[in-house]
Amino acid sequence: MGPRGRARSGRAPAHRRIAGATGSASDPTNTQVNDDRSASVQFGRYYEEFEVGAVYKHWPGKTVTEYDDHLFCLITMNHHPLHMDAHYAAETTDFGRNVVVGNYVYSLLLGMSVADVSGKAIANLEVESLKHVAPTFHGDTIYGETTVLDKTESRSKDDRGVVHVETIGYKQDGTVVCVFRRKVMVPKRSYGEARGGEQPGRPEPVRR
């Protein structure tokens, strides 16, 4: 074997693929690493990498605890007893128990989608629609996936475009609990390269 593991034929070894947030090693948009010294996981996508009809299955899911729900309600000042008062929920509501506040479910799914969708975004432009389809309860695990509905190049600047996506959230049994559509302004590759590439602003370690 030659230097750095090259075969005698002189051909370089095949690139190692680093699975992106989609978790798929076969995803052609995943970062490729040419040597063993540098490896980075893709975070978000450039405009050119989005394809209409593509589905990104976000990973991992998140099990919602009572603590999560109550803390979100408290920091956002939403003190509705359906979410905060177990006795009230059990005795006076059709659900018979606390329901996780819908804004937390939406925020959780939005956060799940960042690594696959908006990790490179210039701006979140619009939440076009938001539907809470079924309740989420303490102990449920939420999974999310996003479909690319459309993409449009900017008419004013040639280094960016707008991507239109739909995200759905569902529980461990497959029940859909939340659906929302949003538009995100994302950069083209030229925009990213002009500002430092995949990890703009990242410093190099200095050993003293």
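The values are calculated or read from the model by the stated rules, or taken from the named source; none is laboratory data. Since the model is a prediction, treat every value here as computed from it, not as a measurement. Neighbour counts run over all protein chains shown; Cβ positions are idealised from the backbone, glycine included. Accessible surface areas use protein heavy atoms only, side chains included; no ligands, DNA or RNA. Shrake-Rupley method; radii C 1.70, N 1.55, O 1.52, S 1.80 Å.
Numbers at a glance
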| item | result |
| --- | --- |
| Verdict on G139 being in contact with a Cys (Cβ under 8 Å, 6 or more places away or on another chain) and either at pLDDT 95 or above or open to solvent by 30 Å² or more (accessible area, probe 1.4 Å) (or both) | no |
| Leading residue by the ranking (farthest from D116 (Cα to Cα)) among those in the stretch 53-79 that are in contact (Cβ under 8 Å) with a residue 12 or more places away in the chain and open to solvent by 90 Å² or more (accessible area, probe 1.4 Å) | E66 |
| Options E204, E166, E198; residue that is surrounded by 14 or more Cβ atoms within 10 Å (Cβ to Cβ), part of a loop (DSSP other than H, G, I, E, B) and not hydroxyl-bearing (S, T, Y) | E198 |
| Any hit, the stretch 82-104, residues being within 13 Å of C178 (Cβ to Cβ), modelled with pLDDT of 95 or more and open to solvent by 40 Å² or more (accessible area, probe 1.4 Å) | yes |
| Test for V127: is it free of Cβ contacts under 8 Å to residues at least 60 places away in the same chain, under 21 Å from D173 (Cα atoms) and among the β-branched types (V, I, T) | no |
| Residue in the stretch 114-132 that is part of a loop (DSSP other than H, G, I, E, B) and open to solvent by 80 Å² or more (accessible area, probe 1.4 Å) present | no |
| Scope the stretch 169-195; condition of a type in the set (A, V, I, L, M) and surrounded by 17 or more Cβ atoms within 10 Å (Cβ to Cβ); matching residues | V177, V179, V184, M185, V186 |
